[in-house]
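**Student:** Dumping the structure here so I can ask a few things about it.
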Amino acid sequence: MGLSFTLLGSGSSGNSTLVSSGDAHILVDVGLSGRETARRLREYGLSPERISAIVVSHEHGDHCRGVAPLAKHLGVPVFITDGALQASEMRLDPRKRQRIESGVPFDVSGLLFTPFAVPHDSVDPIAFRIEKDGVKIAVVLDLGYITNLVVERLKGCDAIVLESNHDINMLRVGPYPWALKQRVMSRRGHLSNDVVAEYLGTRFDGKARHVILAHLSEKNNLPELALLSARKALEQRSRLLANQTKLALASANQISTAYCY
Ligand SMILES: [Zn+2]
Ligand SMILES: [Zn+2]
C-alpha cells in the first residue's frame, strides 16, 4: 500500500505534516490554527473529517497551536508525551489522549511510529520515524544538533524531513535580540544550514530518495542558501549520491507536493 506525505506548512508560523497510507491519514503536529489546517487539507484534496489521528512532537506553539481545537472538532485521538501535554496546558478529552514515550514504538492506524529523543529546549522533545510495508520516512524538526541517535534513526529511510533553520551569518547580524540568538544557536536550539550540510556530507547513509529541508527561518535564512549548502555537501561527497537523493524545500505558506513511496 505504501506511504505518502505532504507538508501542509513548515516554519516558525506553524508546522504540520500529513502522513497517509490507504485510509489512514495522520497529522504530525498541528502548528497552524485548526481552521487554517482544515483549509489546507481541503486545498490538498482531503476532507478534514478523514483525519484519523494527531501525533505531537513537542509543546511549542508552532507545533501545537491547532491540536486541541482540531482534535475536539474531529473527535480524533492525540498521541502526545506526558511532558508535552503538561507543558502545553492543552485541554484534551482524556478518552482521546494516547500516552507516548520516546524510544517506545506505537501503532497509529496501522502505521508504526518510532519516537526518539532530540536535543531541544522543550520538556520532552521527540522526532519520529514512520514505517509501513517496508517504507520508512522520518520527520525531524526542532533540534539543536544531530545526535548519534538521530543518525541511527535516519538510516535506511526513504525520505527525510529535516530542519534547516538558519544561516549562521544571517542569524548573527539579523534582527533577533541577543538572548534569542543564543537560544537558537545553542545545542538545544535549531539546526543551521551548516550543521545539515555536515550531516549530509559525512553521516547521511545516502539511502533517501528525498531530503526535504524544513522549518526555515523567515528572518535568518533564505531558501537558496539552505538548498545550496545541502546540495554542495551531497555533491562533494559523491556525484552518485547527489544524483539519487533529491533535495526539496518546505514552505511556510504553501502545501508541498505529495511524496509517495
Ligand atoms: Zn520547538
Ligand atoms: Zn518549531
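**Student:** Mind checking which of S57, S238, S229 has the largest fluctuation in a GNM of the chain, springs on alpha carbons under 10 Å?
**Tutor:** S238
**Student:** In terms of Cα to Cα distance under 20 Å, which lysines are near enough to K181, apart from those fewer than 8 places away along the same chain?
**Tutor:** The qualifying lysines are K219.
**Student:** In sequence order, what are the phi-derived ³J(HN,Hα) couplings for the stretch 80-92 according to the Karplus relation 6.51 cos²θ - 1.76 cosθ + 1.60 with θ = phi - 60°, rounded to whole Hz, with x for glycine and proline?
**Tutor:** 8, 6, 4, x, 5, 5, 5, 5, 6, 6, 6, 9, 10
**Student:** While we're looking at this one, here's another question. 222 nm [θ] for the chain, helices only, -39500 (n - 2.57) per DSSP H run of 4+, per residue, to 500?
**Tutor:** -8000 deg cm²/dmol
**Student:** Positive end of the charge dipole of the chain (Lys, Arg +1 and Asp, Glu -1 on Cβ, about the Cα centre): tell me which of G156, P177, Q236 has its Cα farthest that way.
**Tutor:** Selected residue: Q236.
**Student:** Output the relative contact order of the chain, whole-number percent, from Cα pairs under 8 angstrom with separation of 6+ residues.
**Tutor:** Here the relative contact order equals 19 percent.
**Student:** Here's another thing I want to ask about it. For the stretch 126-214, what log10 I(q)/I(0) values come out of the Debye formula at q = 0.26 1/Å, with one point per alpha carbon and no solvent?
**Tutor:** Rounded to two decimals, the profile gives -1.34.
**Student:** Figure the gain on full extension for K207 and L222 (residue separation times 0.36 nm, minus the Cα-Cα span) and round it to one decimal in nm.
**Tutor:** 2.8 nm
**Student:** Here's another thing I want to ask about it. Give me the base-10 log of I(q)/I(0) for the chain at each q in 0.09, 0.11, 0.16 Å⁻¹, Debye formula, one uniform scatterer per Cα, rounded to two decimals.
**Tutor:** For the requested q values the scattering log ratios are -0.36, -0.54, -1.21.
**Student:** Give me the Å³ per residue figure for the convex hull around the C-alpha atoms of the stretch 61-133.
**Tutor:** 97 Å³
**Student:** What residue among L228, L41, L27 has the largest mean-square fluctuation in a Gaussian network model of the chain, using Cα springs under 10 Å?
**Tutor:** L228
**Student:** Now for a separate question. For labels at L240 and T257 in the simple 7 Å Cα→Cβ model, what's the distance in nm?
**Tutor:** Those two pseudo-labels are separated by 2.5 nm.
**Student:** Tell me which lysines have Cα within less than 25 Å of K155's Cα, excluding those fewer than 8 residues away on the same chain?
**Tutor:** Counting by Cα, and skipping residues close in sequence, K155 has these lysines nearby: K132, K136, K207, K232, K246.
Every number here is computed from the coordinates shown, using simple stated rules; none is lab data. The structure displayed is predicted, hence computed values, not measured ones. Backbone-built Cβ (ideal geometry, glycine too); neighbour counts: all protein chains shown.
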